[in-house]
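> Here it is: the structure, laid out below.
Bear in mind that the values in this text are calculations on the coordinates, not laboratory data. Remember, predicted model here, so these are calculated numbers, not experimental data. Here the Cβ is made from the backbone with ideal geometry for all residues, glycine too, and neighbour counts use every protein chain on show.
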Amino acid sequence: MTVLLWNIMLALSWAALTGEVTALSLAVGFVFGFLILFSVRRLLRPSRYFEKLWQSVRLGSLFAWELLLANLRIAYEVVTPSHNMKPGVVAIPLDVETDAEITLLANLITLTPGTLSLDVSDDRRVLYIHAMYVDDAEELRRSIKDGFEKSVMELLR
């Protein structure tokens with residue numbers, strides 16, 4: 001049984017023992033299960049579960065931060081009388097290779113307000129995005145490559 005399944009089983013056991021099968025109870029059980037499994041990880045078969053879970057949390061945190069910043073920028077644009085938008089289409093060279101990596105990266109970009117994934121080149125080496133604020137195309141490329149793309153590659157490889 002994989003470590004993830006053990007963690008899920010411990011979370012369900014926690015919920016059953018507390019008598020509450022709620023999202024909060026399952027989340028608490030999952031955290032407790034994770035801590036238990038982390039403390040006995042040397043007794044388990046080698047697994048990348050703990051590393052991958054940490055990378056998932058980092059990617060989720062990065063997305064939440066970028067989502068907050070993008071929403072604040074859009075809100076500022078809505079409440080101010082001037083327009084600071086400089087829309088444009090930017091080509092981003094890709095280091096991600098698999099369909100899953102490209103899809104996750106494109107979805108993270110699309111879910112962030114003010115940006116939209118448009119297309120992937122036929123050779124799957126370039127992602128075209130539309131952004132509402134293209135002050136510096138190279139800075140936008142760098143922020144996506146150093147942010148989302150780097151995190152996606154860490155998580156899915």
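> Rounded, prolate or oblate, given the Cα gyration tensor of the stretch 54-140, with a/c below 1.5 counting as rounded? The partial results should precede the final answer.
On the way: a/c = 2.69, a/b = 1.37, b/c = 1.96.
Here the stretch 54-140 falls in the oblate category.
> Using Cα positions and a limit of under 18 Å, work out the aspartates and glutamates in reach of K145, with same-chain residues fewer than 8 apart set aside.
Counting by Cα, and skipping residues close in sequence, K145 has these aspartates and glutamates nearby: E66, D95, E97, D99, E101, D119, D135, D136, E154.
> Report relative contact order for the chain in percent, whole number only (criteria: Cα-Cα under 8 Å, sequence separation at least 6). Intermediate values should be presented prior to the final figure.
On the way: 156 pairs, mean separation 33.5, N = 157.
Value for the chain: 21 percent.
> While we're on this one: Tabulate in residue order the Karplus-calculated ³J(HN,Hα) for the stretch 123-132, using 6.51 cos²θ - 1.76 cosθ + 1.60 with θ = phi - 60°, rounded to whole Hz; enter x for Gly and Pro.
For the stretch 123-132, the Karplus curve yields 8, 6, 10, 9, 10, 9, 10, 10, 10, 6 Hz.
> Give me the lysines in straight-line cross-link reach of K52: C-alpha distance below 17 Å, same-chain residues under 8 apart excluded.
List returned: K150.
> Okay, next question. Given 10 Å bins starting at zero, what is the percent of C-alpha pairs of the stretch 30-101 in each, up to the one with the largest pair distance?
The percentages, shortest bin first, are 14, 25, 25, 19, 12, 4, 0.
> Moving on. Figure the gain on full extension for R42 and M9 (residue separation times 0.36 nm, minus the Cα-Cα span) and round it to one decimal in nm.
Working: separation 33, 0.36 × 33 = 11.88 nm, distance 1.93 nm.
Net length gain for the segment: 10.0 nm.
> Which loop-located GluC sites (Glu not before Pro) does the stretch 56-156 contain, where loop means any DSSP state but H, G, I, E or B and the Cβ has at most 15 other Cβ atoms within 10 Å? Before the final figure, lay out the partial values.
Working: sites: E66, E77, E97, E101, E138, E139, E149, E154; in loops: E97.
The qualifying sites are E97.
> Please give the direction-averaged projected area of the C-alpha convex hull for the stretch 98-157, in square nanometres with one decimal. Don't skip to the answer; put the middle values down first.
Numbers: hull surface 15.8 nm².
For the stretch 98-157, the mean projected area of the Cα convex hull comes to 3.9 nm².
> For q = 0.11, 0.13 Å⁻¹, what log10 I(q)/I(0) does the chain give under the Debye formula with an equal point scatterer on each alpha carbon and no solvent?
-0.61, -0.76
> Which residue, S117, S143, S13, tops the fluctuation ranking in a GNM of the chain built on C-alpha contacts under 10 Å?
So, out of S117, S143, S13, the one fluctuating most is S13.
> Which FRET efficiency, nearest 0.05, do S143 and Y76 yield, Cβ-Cβ r, R0 22 Å? Walk me through the numbers on the way to the answer.
Values: r = 18 Å, r/R0 = 0.84.
Efficiency computed from Cβ-Cβ geometry: 0.75.
> Do the sum for the chain: with -39,500 (n - 2.57) for every DSSP H run of n ≥ 4, divided by all residues, what is the mean residue ellipticity at 222 nm, to the nearest 500 deg cm²/dmol? Could the numbers behind the result be given before it?
Details: 6 runs with 92 residues, N = 157.
Rounded to the nearest 500, the figure is -19500 deg cm²/dmol.
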